[in-house]
Amino acid sequence: MKPPEVFDREQEWSDLERFLADPSPGLHLGIVSGRRRVGKSYLLRRLARTGIYHQAIEEDRAPALRRVAELVAIRRGLPSGTVAFDDWLPTFDALLGPYPGSDRPSVVVIDELPYLVARSPELLSVLQRAVDERVDGPPQALVLCGSALAVMTSLLSGSQPLRGRARLDLRMEPFDFRVARKFWGVPDAATAFAVHAIIGGAAGYFDLVGRRVPRRSSELAEFLADTVLNPSHALYREDEFLLREDPRLQDRALYQSILSAVAAGERTPARIAARLGRDRTSLSALLSQLVEAGFLHREVDVANSRGVQYLVADPMLRFDRLIVAPNRADLDERRPGEVWQRCAPTWQSQILGPHAEEVARTWLHRYADEETTGGRPARIGRRVLSDRSGRTTLELDAVGLDERGAALFVAEVKGGTAARTTDDITRLERARTILGAEGAKLLLIALGGFDRSLRALARRRGDVELVDVERLYGGG
């Protein structure tokens, strides 16, 4: 049974439980990955209460071996320092057991595996041998976990020793916006959205900000002054800790510059390169690394594979790049109020706006019903249209396509505080005409709500759907 202290994570716990309950013979290998602070270690420590849990740290090979040897000694009931290893092969033979007076542990968890692999690259071959040699042995689970996504996702790829040997490959994601609201216990939907736009859905932030999370909008400035805008708070330099998780991101100044450009609205490779004063081709590998590391999302136009855009994947990184980093001097001088007031336009247009687009697409994927979307979409994504009559382009935040590629809906997302008008529906109608999808629904998703005339229009027409922040959090 999932322990009561584990919030949500029903699907993840169920997947892990089925993995551990597999009665077939052999050492079963499982991979668990996810960004820092999503709750991987918290979950696995509870999963391994009847087994062995070891969390690696950044250290050289010899001390890493000594730490595992101490764990084996404790398990054997021996005094400290009486067990020693100089190689990983006998280390894992001993760690996997059996132990005197007991069977093999049902599960062995190695957390933060990338720290070990960084100093002991041969470890992956050792793990391959451990799995292969126990193929006919009693059922046992070995779970490898880590926050360096690029390292963890590569474990099972290409010619890697562990390729084809894992029975579980679980990627833990932060809580989505609805689950995060329940986790933080924020009663007001608009405030919950603002909190999610700052710290996202990483459960690990609870110990740092849990009691300070605002319950209403009037408390937001004080919350920021106490936490992410406070030089003494652990989250003040969270971006540096996040980037350190991937050992490949050595030139952090360059990667930070790329993240800053994307956060500022330069979403295409050409515009990112221009912002940095670099050649576009030279950024291709760097952008790919940031995607693999989980710091950028790569989005492709739903109808044009060459229409690529990048988005900052972590709200905390976006907030840091746009608010904290450019104003660090003033924040170090303890002037959070001045900074927050000065950054109000940035907050509205470059943080709440893009975050609203991401939340809206999540809502469309997970929560919107078929009556709202005009059917069951097979694909949902951005779309850029050429309006030849106006000699301009129309950027749609979301288009839903059925299995045949026909548009079920066209959607626009507005993150500002102003109430939207019928002019927005006129733009959506024009986009629908260009698509040649006259039966498609028109969805307008707006944090600031809608004026009286627009609401009246929606009541008269069955093809118009208005979605405000309350509906995002409570309706379909």
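The values are calculated or read from the model by the stated rules, or taken from the named source; none is laboratory data. For clarity, every value in this text was computed on a predicted model and none was experimentally measured. Reconstructed Cβ throughout: ideal geometry from the backbone, glycine too, with neighbour counts over all protein chains shown. All accessible areas refer to the heavy atoms of the entire protein, side chains included, with ligands and DNA or RNA removed. Shrake-Rupley method; radii C 1.70, N 1.55, O 1.52, S 1.80 Å.
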Item to complete: Just tell me, in residue order, which DSSP H segments of the chain are both 30 angstrom or longer along the helix axis (alpha-carbon based) and at least -1.0 in mean Kyte-Doolittle hydropathy.
Response: none
Practice prompt. Report the relative contact order of the chain, percent, no decimals, based on alpha-carbon pairs under 8 angstrom and at least 6 residues apart.
Written response: 12
Worksheet item: Taking the radius of gyration and the Kirkwood hydrodynamic radius from Cα positions alone, what is the Rg/Rh ratio for the chain, to two decimal places?
Response: 1.01
Worksheet item: Largest first, what is the accessible-area ranking of GLU358, GLU70, GLU222, GLU371 with a 1.4 Å probe?
Response: GLU371, GLU222, GLU70, GLU358
Practice prompt. Kindly provide log₁₀ I(q)/I(0) values, in the same order as q = 0.23, 0.26, 0.28 Å⁻¹, from the Debye equation applied to equal alpha-carbon scatterers of region 304-347.
Written response: -0.79, -0.92, -1.00
Discussion item. If I model a spin label at ASP402 and ASP451 as a point 7 Å from the Cα along the Cα→Cβ vector, what separation in nanometres do I get?
Written reply: 3.6
Worksheet item: Over region 107-247, what is the relative contact order in whole percent, taking alpha-carbon pairs under 8 Å and six or more residues apart?
Response: 20
Response to the item:
Which residues qualify? For ASP387, with a placed amide H closer than 5 Å and at least 5 residues away or on another chain, they are THR392, THR393, LEU394
Discussion item. What does the extension gain come out to for ARG66 and ARG461, with contour length at 0.36 nm per residue minus their alpha carbon separation?
Written reply: 135.1 nm
Discussion item. Report, to one decimal in Å, the Kirkwood hydrodynamic radius for region 89-208 based on all distinct Cα pairs.
Written reply: 17.2
Worksheet item: Rounded to the nearest 500 deg cm²/dmol, what is the calculated helix-only ellipticity per residue at 222 nm for the chain, with -39500 (n - 2.57) per DSSP H run of length n ≥ 4?
Response: -12000 deg cm²/dmol
Worksheet item: What is the Cα coordinate range of region 218-286 on the first, second and third principal axes, sorted by size from largest, in whole angstrom?
Response: 44, 29, 14
Worksheet item: Which value, in Å² rounded to 10, gives the accessible area of TYR53 with a 1.4 Å probe and all protein chains present?
Response: 50
Worksheet entry | Segment THR426-GLN11, length gained on full extension (0.36 nm per residue, minus Cα span) | 145.2 nm
Worksheet item: Within straight cross-link reach of LYS441, meaning Cα distance under 27 Å, which lysines are found once same-chain residues fewer than 8 apart are removed?
Response: LYS414
Worksheet item: If each of VAL179 and ALA378 carries a label point 7 Å out from its Cα toward its Cβ, how far apart are those two points in nm?
Response: 2.8
Discussion item. Can you compute 3J(HN,Hα) from phi for each residue in region 316-324, using the Karplus curve 6.51 cos²θ - 1.76 cosθ + 1.60 with θ = phi - 60°, rounded to whole Hz and x for Gly and Pro?
Written reply: 4, 5, 5, 4, 5, 5, 9, 10, 6
Discussion item. For region 251-351, compute the orientation-averaged projected area of the C-alpha convex hull (one quarter of its surface), in nm².
Written reply: 7.2
Worksheet item: Tell me, what is a quarter of the convex hull surface for the C-alpha atoms of region 323-476, in nm² with one decimal?
Response: 11.0
Response to the item:
FRET efficiency for SER284 and SER102 from the Cβ-Cβ distance with R0 = 41 Å, rounded to 0.05, comes out at 0.20
Item to complete: May I ask you to compute the full-extension gain from ARG163 to ALA84, defined as 0.36 nm times their residue separation minus their alpha-carbon distance, rounded to one decimal in nm?
Response: 25.4 nm
Worksheet entry | ASP86 - accessible surface, heavy atoms, 1.4 Å probe, Å² rounded to 10 | 120
Worksheet, complete the sentence: From most to least accessible, 1.4 Å probe, no ligand or DNA/RNA atoms counted, SER218, SER159 line up as SER159, SER218
Worksheet item: So if R0 is 35 Å, what FRET efficiency would ARG328 and VAL308 give, r being the distance between their Cβ atoms, rounded to the nearest 0.05?
Response: 0.65
Discussion item. Could you check the spin-label model distance between ARG212 and ARG275? Points 7 Å from the Cα along Cα→Cβ, value in nm.
Written reply: 2.8
Worksheet, complete the sentence: For THR373, THR50, THR393, the accessible-area ranking with a 1.4 Å probe, largest leading, is THR50, THR393, THR373
Discussion item. Given axes a ≥ b ≥ c from the Cα gyration tensor, I'd like to know whether region 143-294 is rounded (a/c under 1.5), prolate (a/b larger than b/c) or oblate.
Written reply: oblate
Practice prompt. Starting from the Kirkwood radius over alpha-carbon pairs of region 1-62, derive D by Stokes-Einstein at 20 °C in a medium of 1.002 mPa s and give it in µm² s⁻¹.
Written response: 159
Practice prompt. Could you state how much accessible area SER41 has, in square angstrom rounded to the nearest 10, with a 1.4 Å probe and all protein chains kept in place?
Written response: 20
Worksheet entry | GLU58/SER389 FRET efficiency (R0 45 Å; Cβ-Cβ; nearest 0.05) | 0.15
